[in-house]
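The values are calculated or read from the model by the stated rules, or taken from the named source; none is laboratory data. Model, not experiment: these values are computed from the prediction. Please note: Cβ atoms are built from the backbone with ideal geometry, for glycine as well, and neighbour counts cover all protein chains shown. All accessible areas refer to the heavy atoms of the entire protein, side chains included, with ligands and DNA or RNA removed. Shrake-Rupley method; radii C 1.70, N 1.55, O 1.52, S 1.80 Å.
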Amino acid sequence: MRTKLVVGNWKMHKTVAEAAALVEGVVPAAESHPEVDVALCPPFLALPKVAELLKRSHVKLGAQDCFWEDEGAFTGKVSPKMLADFCASFCIVGHSETRGRFGKVEVPLTTLSHFSETDETVNLKIKALLYYAVTPILCVGETSDERAAGETDSVILRQLERGLGGVSSDELYGLVVAYEPVWAIGTGQTCDAQEADRVCGLIRGLLGQIGGPEAAEEVRILYGGSVKPENAFELFHMPQIDGGLVGGASLQADSFARIIAAS
Ligand code: 13P
């Protein structure tokens, strides 16, 4: 039986003081649902404060991105080694916003800078995080154009296969996958629960091919994209969906608390 997991991805929101206030609101709500795992992914600058405030709670700390080297001349980057030093439990990898798509604006692959995410850099980050026992939350998802062209399944399979290249079956146990259709992120257009469940089932099937059915059964697969208190229950109780990666609705304690309660 997989424990439900609800992760708040705060993106580029909250000063340190605002982050502290939000944590103060979320923690009591999370503590009243010990059966649900909860994690918060604040911006890097708020990590120390949030880490301190979460010390005595079961709410876990996560980061929104990382680089794959331990250290070096990589201006602006943060390494998995540094995240582990902060006792971060999770790190989001391959979010559509860091893959260079930034929501509605499609950036041609040829114009992506060296540091924008590709399936290959996602793979490097996943291996580095696993080495430091920080659980990667691997995001996969299709754009609206890809869905319209009937390419949803092939895009997801490509992102998974390339992102997880060289990852062993034992390492798969330490992984979370998030299905985040790009067209559903921040748009209020939630993916239909049956369809989200079908894609999460497809993901589990491929994880089974990579690491065997036992490992695949253990991996938590989250849904992300306009999750709200009103739709969380239906989505999170589908057989293949083990919780959510929540953006906008994680920025207020009240709505995030209602999502935790619905899990
Ligand atoms: P929204 O919940 O705001 O749609 O964002 C989803 C997301 O991108 C979480 O990583």
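How many residues, within the stretch 1-42, are within 16 Å of the ligand (Cβ to nearest atom) and open to solvent by 30 Å² or more (accessible area, probe 1.4 Å)?
Going residue by residue through the stretch 1-42, those that are within 16 Å of the ligand (Cβ to nearest atom) are 5-14, 22, 26, 38-42.
From the residues that got through so far, the ones that are open to solvent by 30 Å² or more (accessible area, probe 1.4 Å) too are 11-14.
Residues meeting the conditions: 4.
So which residues in the stretch 162-218 are in contact with a helix residue (DSSP H, G or I) (Cβ under 9 Å, 6 or more places away or on another chain), surrounded by 23 or more Cβ atoms within 10 Å (Cβ to Cβ) and either among the basic types (Lys, Arg) or assigned to a strand (DSSP E or B) (or both), if there are any at all?
VAL177, TYR179
Could you give me the residue pairs with C-beta distances under 9 Å whose first residue belongs to the stretch 181-203 and is over 15 Å from GLN159 (Cβ atoms) and aliphatic (A, V, I, L, M), whose second residue is assigned to a helix (DSSP H, G or I) and more than 9 Å from the ligand (Cβ to nearest atom) wherever it lies, and which are 6+ apart or on separate chains?
Pairs found: ALA184/ALA196; ALA193/ASN231; ALA193/GLU234; ALA193/LEU235; ALA196/LEU235.
State all residues of the stretch 80-98 that are open to solvent by less than 30 Å² (accessible area, probe 1.4 Å) and aromatic (Phe, Trp, Tyr); if no residue qualifies, say none.
Result: PHE90, single match.
Working only within the stretch 26-52, note down all residues that are more than 17 Å from the chain's Cα centre (by Cα) and over 27 Å from ARG2 (Cβ atoms). If you could, list the steps in order and put the result at the bottom.
Initial filter on the stretch 26-52 (more than 17 Å from the chain's Cα centre (by Cα)): 26-35, 45-46, 48-52.
Those that are more than 17 Å from the chain's Cα centre (by Cα) and over 27 Å from ARG2 (Cβ atoms): LEU45, ALA46, PRO48, LYS49, GLU52.
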